[in-house]
Amino acid sequence: MSQKNIIPVRPKKRLGQHFLKDENIARNIADALQVENIRQVLEIGAGTGVLTRYLFEKQHIHLTAIEIDLNNVRLLQQKFPQHKGQILHQDALKYPLASQTGEALAVIGNFPYNISSQLFFRILEYRNDVQEVVCMIQKEVAQRIAAPPGSKTYGILSVLLQAYYRIEYLFTVSPNVFYPKPKVYSAVIRLKRNDVEKLACDETLFFRVVKTCFNQRRKIIRNSIRSIVSVTGKDHDLLQKRPEQLGVDQFIELTGWVQEQD
């Protein structure tokens, strides 16, 4: 296909689009996907197809690429006509993160900065389906997700994702490999589902406890958790700590204690 026949697309600021243009970075992201015993792969935000190309080259996976920008969808379908049925015009925040066949699913993509946190909460919602995630996100968000307890960047996503996934910070990415250039650095991380099928506490309450504590992270937990449970006259060692001091297991313990107070 001649270059002049390719549909021109321009990045849209309202969609937070920064198109990856570096082939080596794209190849490295695609190769970071380990997909052991996983065939179904979903690419979120396929953009202009720089990463998509390397994913379609992997014969052992079945790729579905979703993209919210219709102009990009048309470009992708033009670039990869043999895979037209695997390129869908969809909003990732509404698309079910589960394979159509009921098989385990891997998710990959250059996540738009402005919805990356929402995408991770979506992944958590489908945590029993999504077994692996490889994604490029803002460096600060990647550091936050991978942060250990005690770190200033440790927060809600750190705890919730680490409860169900093993997190690996893979590499940092310069703004120079994007068009247009973002004002911040990016990073690629990999999440692999751990062996925890269900937490040893009420999982809905666990999410609520973690969010409540970190929404008032400067307070000790005794004071921040009052909106969930009465702590008058009651004590527990964890109530005297601040949320960034608690690991996943301690948040599970705290949630179990809150359950017992009802």
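The values are calculated or read from the model by the stated rules, or taken from the named source; none is laboratory data. It should be emphasised that the depicted structure is a prediction, and the values quoted were computed from it without experimental measurement. All Cβ positions, even for glycine, are placed from backbone atoms using ideal geometry, and neighbour counts span all protein chains on display.
When the strands (runs of 3 or more DSSP E) confined to segment 129-198 are screened for residues that are touching a Gly at 6+ places or on another chain (Cβ under 6 Å), those reaching at least 1 such residues are found at 130-138. Residues in segment 24-41 that are in a helix (DSSP H, G or I) and more than 17 Å from the chain's Cα centre (by Cα): Asn24, Ile25, Ala26, Arg27, Asn28, Asp31. Pairing each residue of segment 154-179 that is over 27 Å from Glu244 (Cα atoms) with any residue that is modelled with pLDDT of 95 or more and buried (at least 19 other Cβ atoms within 10 Å of the Cβ), provided the two are 6+ apart or on different chains, yields C-beta distances under 7 Å for Val173/Ile25; Val173/Met136; Val173/Ser186; Val173/Ala187; Val173/Val188; Val177/Ile25. In this structure, is Thr255 part of a helix (DSSP H, G or I) and surrounded by 14 or more Cβ atoms within 10 Å (Cβ to Cβ)? When the stated conditions are applied, Thr255 passes them.
Scanning segment 112-123 for residues that are in contact (Cβ under 8 Å) with a residue 12 or more places away in the chain, under 19 Å from Leu33 (Cα atoms) and more than 12 Å from the chain's Cα centre (by Cα) turns up nothing.
Within the group Ala147, Ala106, Ala142, which residue is out of contact with any strand residue (DSSP E or B) (no Cβ under 6 Å at 6 or more places or on another chain) and modelled with pLDDT of 95 or more?
One residue alone meets the criteria, Ala147.
Results for (1) surrounded by fewer than 13 Cβ atoms within 10 Å (Cβ to Cβ); (2) of a type outside the set (D, E, K, R); (3) touching a Ser or Thr at 6+ places or on another chain (Cβ under 9 Å), shown as yes or no for each residue.
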{"residue": "Leu160", "(1), (2), (3)": "no, yes, no"}
{"residue": "Asp195", "(1), (2), (3)": "yes, no, no"}
{"residue": "Gln216", "(1), (2), (3)": "no, yes, yes"}
{"residue": "Thr232", "(1), (2), (3)": "yes, yes, no"}
